[in-house]
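Asks: One structure is given below, represented as structure tokens, and several questions about it will come after.
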Amino acid sequence: MGKKVFVISSSPRRNGNSDILCDQFVAGAQSAGHQVEKIFLKDKKINYCTGCGVCLNGEKSCPQKDDMADILAKMISADVIVMATPVYFYTMCGQMKTFIDRTCARYTEISNKDFYFILTAAENNKQALERTIEEFRGFTYCLDGANEKGIIYGTGAWNMGEIKKSSAMQQAFDMGKEL
């Protein structure tokens, strides 16, 4: 039986470069028989964390009424989580950061997961994207049993669709297939 894969695309552009790589990862995973669900954060209502602390003792859920509770439930039930972001000014996009902050309500339940990270940037130097990888690692460091399995660097892609000329396309498909 295949793994349950949950893909989180944070691109503010549908069919943006990071979203295209998500689709390649999905295609690879599906070709290997895995069950895949992809969400597009742009289509979801996710409020900012207000730091109210209601969720911190585990007795109450987050009081905000948005799409985050459903998304968290999907993360908790997944075997594999893929997080994709375009890199703006050498960091993850705001949609992804807001999303990560809102996992606070149930982050202790996001345990024993394999993680893959997909990044795209106009920059050609992979080293310049390490700050963004460290942000993802800061998140997964807080999770019990988080296992970083792979990173896809989609570099040199400024305009929408430029990633299609990159070797990252095949890498994304292959990583998905080799879960």
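Asks: Cut-off 10 angstrom, C-alpha nodes, Gaussian network model of the chain. Which of M75, M160, M96 fluctuates the most?
Replies: M160
Asks: Report the gain in length on full extension from F89 to E130: 0.36 nm times residue separation, minus Cα-Cα distance, nm rounded to one decimal.
Replies: Net length gain for the segment: 13.5 nm.
Asks: With θ set to phi - 60°, apply the Karplus curve 6.51 cos²θ - 1.76 cosθ + 1.60 along segment 74-80 and write out the HN-Hα couplings as whole Hz, x wherever there is a Gly or Pro.
Replies: 5, 5, 5, 7, 6, 8, 10
Asks: How far apart, in nm, are the 7 Å Cα→Cβ label points at K45 and Y141?
Replies: Result for the modelled spin labels: 3.5 nm.
Asks: Over the alpha-carbon set of segment 88-161, work out the extent along each principal axis and list the three values in angstrom, largest first.
Replies: Dimensions of segment 88-161 along the principal axes of its Cα atoms: 37, 23, 21 Å.
Asks: Restricting attention to segment 21-111, which chymotrypsin sites (Phe, Trp or Tyr not before Pro) occupy a DSSP loop and are surrounded by at most 14 other Cβ atoms within 10 Å?
Replies: Details: sites: F25, F40, Y48, Y88, F89, Y90, F99, Y107; in loops: Y48, F89, Y90.
Answer in residue order: Y48, F89, Y90.
Asks: Using 10 Å bins from zero, what percent of all Cα-Cα pairs in segment 102-141 falls into each bin?
Replies: 23, 47, 23, 7
Asks: Mind listing the phi-derived Karplus ³J(HN,Hα) values for segment 168-178, rounded to whole Hz, using 6.51, -1.76 and 1.60 with θ = phi - 60°, and x for any glycine or proline?
Replies: Rounded to whole hertz, the list is 4, 4, 5, 4, 5, 4, 5, 4, x, 5, 9.
Asks: Residue-wise, which Karplus ³J(HN,Hα) couplings in Hz belong to segment 39-47, taking 6.51 cos²θ - 1.76 cosθ + 1.60, θ = phi - 60°, and x for glycine or proline?
Replies: Along segment 39-47, the couplings run 10, 10, 3, 4, 8, 10, 9, 10, 6 Hz.
Asks: Taking the Cα atoms of the chain, what is the range of coordinates along each of the three principal axes, in descending order and whole Å?
Replies: 49, 40, 27
Asks: Provide the net charge surrounding G145, with neighbours chosen by a C-beta distance below 10 Å and charges set as Lys +1, Arg +1, Asp -1, Glu -1.
Replies: -1
Asks: Antiparallel as a % of all DSSP beta bridges within the chain, to the nearest 5?
Replies: Taking every DSSP beta bridge with both residues in the chain, the antiparallel ones total about 5 percent.
Asks: So how do L143, L119 line up by other beta-carbon neighbours within 10 Å, fewest first?
Replies: Values: L143 19, L119 26.
So the ranking, lowest neighbour count to highest, is L143, L119.
Asks: Starting from the exponent 0.38 and prefactor 2.2 Å, build the expected Rg for segment 130-179 from its residue count and divide its actual Cα Rg by it.
Replies: Working: Rg = 13.3 Å, N = 50, 2.2 N^0.38 = 9.7 Å.
Against the empirical 2.2 N^0.38 Å value, I get 1.37 for segment 130-179.
Asks: Please compute the net charge surrounding V36, taking Lys and Arg as +1 and Asp and Glu as -1 over other residues with Cβ under 10 Å from its Cβ.
Replies: Working: positive: K3, K4, K38; negative: E37.
Net charge around V36: +2.
Every number here is computed from the coordinates shown, using simple stated rules; none is lab data. No experiment lies behind these values; they were computed from the predicted model shown. When we count neighbours, we look across all protein chains shown, and the Cβ atoms used for this are built from the backbone with ideal geometry, even at glycine.
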